[in-house]
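So the structure is just underneath, and the comments pick up after that.
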Amino acid sequence: METSLGPSLRRWRVLNRIKQEALARDLGVSQSRVSRWESGQMQPSGAHRLAITQLLRVRPETAADRALLDLVTQASSPVHLVCDLTHRLLAVSTARTEHWHVPVSELMDRPLWRFASDSIRTIEHQLGDHGWFEPLGPDIVYETERAEFAELTIPKSRIRISRLPLSDGRFARLVRDEPSPSA
């Protein structure tokens, strides 16, 4: 989240047509501070970090957003949907839970970041380099190694992530298994 907070804030602000000055006023900071947060020159801390995280936290509230959650839940392939900023689990297919050792209810609406393998952490820090935060950011495909946790196992696999805008301008991340190139 450290590297994505600024670009996510900027994208949300632009999509919602909110000027830096107005956001700064609402947060009780200077416009230049918001600019430094968005550019990554500075990270918000304390109450400001919490306020920004709450502002950007995905809340699927419309019928279209709920339909997306239903599609993920009913998918026959391994797929899950998380908040792009907080990695909070929003929806998961039964096929994805095949390697889970706990009920879905224990992980739903909780961040999955603690289960990130080294390759997942590496790609997360490179998202900006791949254009992830651009208006029409690309899907990103990468390999992840097997990782064992008490709650779940991440099998060695090829993953495709897609950044999806929800109706309120916030973003969710669709995480799908991708067939290997040799398949």
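Just a yes or no: is a residue in segment 105-113 open to solvent by 70 Å² or more (accessible area, probe 1.4 Å), over 17 Å from P7 (Cβ atoms) and touching a residue at least 24 places away in the same chain (Cβ under 8 Å)?
Checked against the condition, which is being open to solvent by 70 Å² or more (accessible area, probe 1.4 Å), over 17 Å from P7 (Cβ atoms) and touching a residue at least 24 places away in the same chain (Cβ under 8 Å), segment 105-113 yields at least one hit.
Somewhere in segment 53-60, is a residue open to solvent by 50 Å² or more (accessible area, probe 1.4 Å) and in contact (Cβ under 8 Å) with a residue 12 or more places away in the chain?
Here is the first cut: in segment 53-60, the residues open to solvent by 50 Å² or more (accessible area, probe 1.4 Å) are 54, 57, 59.
Next cut, in contact (Cβ under 8 Å) with a residue 12 or more places away in the chain only: 57, 59.
The answer is yes, given that some residue of segment 53-60 is open to solvent by 50 Å² or more (accessible area, probe 1.4 Å) and in contact (Cβ under 8 Å) with a residue 12 or more places away in the chain.
Does segment 38-91 hold any residues that are farther than 23 Å from G128 by Cβ, modelled with pLDDT under 90 and of a type in the set (S, T, N, Q), and which are they?
Matches in segment 38-91: T62 only.
Would you check which residues across segment 116-136 are open to solvent by less than 30 Å² (accessible area, probe 1.4 Å) and within 14 Å of the chain's Cα centre (by Cα) and list them? So that I can check it myself, show each step before the final result.
Taking segment 116-136 as the starting set, the residues that turn out to be open to solvent by less than 30 Å² (accessible area, probe 1.4 Å) are 116-117, 119, 123-124, 127, 131-132.
Across segment 116-136, the qualifying residues are A116, I123, E124, L127, W132.
Given (1) out of contact with any Asp or Glu (no Cβ under 8 Å at 6 or more places or on another chain); (2) surrounded by fewer than 19 Cβ atoms within 10 Å (Cβ to Cβ), identify the lone condition not met by V72.
(2)
Restricting segment 94-104 to residues that are assigned to a helix (DSSP H, G or I) and more than 19 Å from R163 (Cα to Cα), which is most open to solvent (accessible area, probe 1.4 Å)?
Applying the filter and picking the extreme gives E98.
Within the set of pairs 6 or more residues apart or between chains, which connect a residue that is open to solvent by 40 Å² or more (accessible area, probe 1.4 Å) inside segment 139-155 to a residue that is assigned to a strand (DSSP E or B) with Cβ atoms less than 6 Å apart?
D139/R160; D139/S162; V141/R160; E143/R158
The values are calculated or read from the model by the stated rules, or taken from the named source; none is laboratory data. Predicted model, so just to flag it, every value in this text is computed and none were measured. Ideal geometry is used to build each Cβ from the backbone, glycine not excepted, and the neighbour counts take in all protein chains shown. We work out accessible area using only protein heavy atoms, side chains counted, and drop any ligands, DNA or RNA first. Shrake-Rupley method; radii C 1.70, N 1.55, O 1.52, S 1.80 Å.
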